[in-house]
Amino acid sequence: MIIFPYVRHEIVGTVSRVGKETNGFKIGDRVGVGAQSDSCKECGACKHGMEPWCEKGLVGTYNGDYSVTDGSGFSMGGYAKYSRVPAHFAVHIPEGLPSTVAAPLMCGGVTVYNPLKSNGCGTDGFKRVGVVGIGGLGHFALIFAKALGAEKITAISHTHSKEELARKLGATDFIASGDKDPWAAHKRSLDLLILTNNNGDMPITDYLSLVRPHGKVVAVGVPEEPCMPTPLPVLAFTGVFLGGSLIGGPGIIKEMLELAAKQNLKPMIEERDMKDANQVVSDMDAGKPRFRYVMVNKDYEPVKA
C-alpha cells in the first residue's frame, strides 16, 4: 500500500505498506507511478522495457482492469489518501527533485521524453529537433530536448503568441503555422519532429517537409477523431519515418527523473488543493492551466520508516 499526496494517474507519495514478496521498497520511501500500473511483465515488449506495448494490453492506473494480467479488480487512481500499486510500476523519486515537479513528469513528461531519448535526441544525426504544439506536452518536450543536448530546437505553434515563452523554455527557432507560407524557409531543417498536437486536420505533409531524409516524425497526441489518411506517397518521396509513441515504462521513467534532478529542470506547474478538485476540472475545461496543475492533499502526512 502506498500513500500519495499528488494524484490521479501521475502520482507521488510515500510507501506505507509493502507486500511480502516486494523487494526494493521500504516504508517511508518516496515513490511515483504514472499512467500505467500493470502489464504481463513476460512478453517480449515487457522484457525489453517497453511495458506500454504489452502484448496483453496496458493496465491503466485509473479504471484499469487487472484481470488482463491474471489479477482481479480495477485500478482506482490517486484521488484518495491511499493507492495500491504493483511494485514493478513504482519508481523511486530522486533526492532533491520536488514531488510537485516529479508528479506531472510521471505521465506527461515521459510521454515526450521517451520518443526524444529513444530516437536519439542530442546524439550525432539527431541534434536538430522540432516540437509541434506548445502546451502541456510541448513545453515538456522543449525542456527535455534541451536537457538531452539538442543544438537546434524549433517550436511550432499556430501563432506567435507563445514564441517568447517557447524561447525561454529552450527553443532556438520558431515557426507560426498561421503565417503565409511558413514552411518554405525550414524545409529539411530537422532530424526529429515530435507532434504533441491532436487536431485531426493537422498539416502532416507540411510537417514531413521539415524533416531530412531518414529523419523521424513521432506523434504523441491522439486525435479524438480519426486523422487524415497517411500520405504514403509523401513518405516515400521524402524518405521520412512517421510513427507514434505512448508514455514509457518504469525504466525510462527512472532515467527521466534522474535527468530532471541532475539538471534541476523546472516545468511550468501550479499547485492546487485537492479540496478544490471540482474547480480544477472546470479550469482545465476552460484551458486555464499553464501548463500543469498539480493537485496536493494538504492534509497528507508522510509515513516515516
task = Taking Thr61 as the residue in question, decide whether it is within 15 Å of Phe89 (Cβ to Cβ) and surrounded by fewer than 17 Cβ atoms within 10 Å (Cβ to Cβ).
result = no
task = Among the residues of segment 29-64, write down those that are touching a Leu at 6+ places or on another chain (Cβ under 6 Å) and in a helix (DSSP H, G or I).
result = Pro52
request  = Can you work out which of the residues in segment 275-299 that are of a type outside the set (S, T, N, Q) and part of a helix (DSSP H, G or I) is farthest from Phe140 (Cα to Cα)?
outcome  = Lys275
ask   = Any idea how many residues of segment 96-145 are of a type in the set (Ser, Thr, Tyr), within 18 Å of Ala260 (Cα to Cα) and out of contact with any helix residue (DSSP H, G or I) (no Cβ under 9 Å at 6 or more places or on another chain)?
value = 2
query = Looking at segment 179-202, which of the residues that are part of a loop (DSSP other than H, G, I, E, B) and under 23 Å from the mean Cα position of the chain (by Cα) is farthest from Gly108 (Cα to Cα)?
reply = Asp201
message = Out of the residues in segment 181-195 meeting the condition of being touching a strand residue (DSSP E or B) at 6+ places or on another chain (Cβ under 6 Å) and either polar (S, T, N, Q) or crowded, with 19+ Cβ neighbours inside 10 Å (or both), tell me which one is nearest to Asn114 (Cα to Cα).
response = Ile194
task = Take segment 47-99 and flag every residue that is of a type in the set (Asp, Glu) and in contact (Cβ under 8 Å) with a residue 60 or more places away in the chain.
result = Glu51, Glu95
ask   = When you go through (1) of a type outside the set (Gly, Ala, Ser); (2) assigned to a strand (DSSP E or B); (3) surrounded by 15 or more Cβ atoms within 10 Å (Cβ to Cβ); (4) at pLDDT below 90 one by one for Val68, which number turns out not to apply?
value = (2)
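Conditions (1) over 22 Å from Cys107 (Cβ atoms); (2) assigned by TED's automatic domain parsing to the domain that holds Val129; (3) crowded, with 19+ Cβ neighbours inside 10 Å, marked per residue:
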{"site": "Val220", "(1), (2), (3)": "no, yes, yes"}
{"site": "Glu225", "(1), (2), (3)": "yes, yes, no"}
{"site": "Leu235", "(1), (2), (3)": "yes, yes, no"}
{"site": "Gly251", "(1), (2), (3)": "no, no, no"}
{"site": "Lys254", "(1), (2), (3)": "no, no, no"}
{"site": "Lys275", "(1), (2), (3)": "yes, no, no"}
{"site": "Ala286", "(1), (2), (3)": "no, no, no"}
{"site": "Pro289", "(1), (2), (3)": "no, no, no"}
key: Breaking point among (1) surrounded by 19 or more Cβ atoms within 10 Å (Cβ to Cβ); (2) modelled with pLDDT of 95 or more; (3) more than 17 Å from Val129 (Cα to Cα), for Met202   = (2)
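The values are calculated or read from the model by the stated rules, or taken from the named source; none is laboratory data. Because the structure is predicted, anything quoted here is derived from the model rather than measured. Ideal geometry is used to build each Cβ from the backbone, glycine not excepted, and the neighbour counts take in all protein chains shown.
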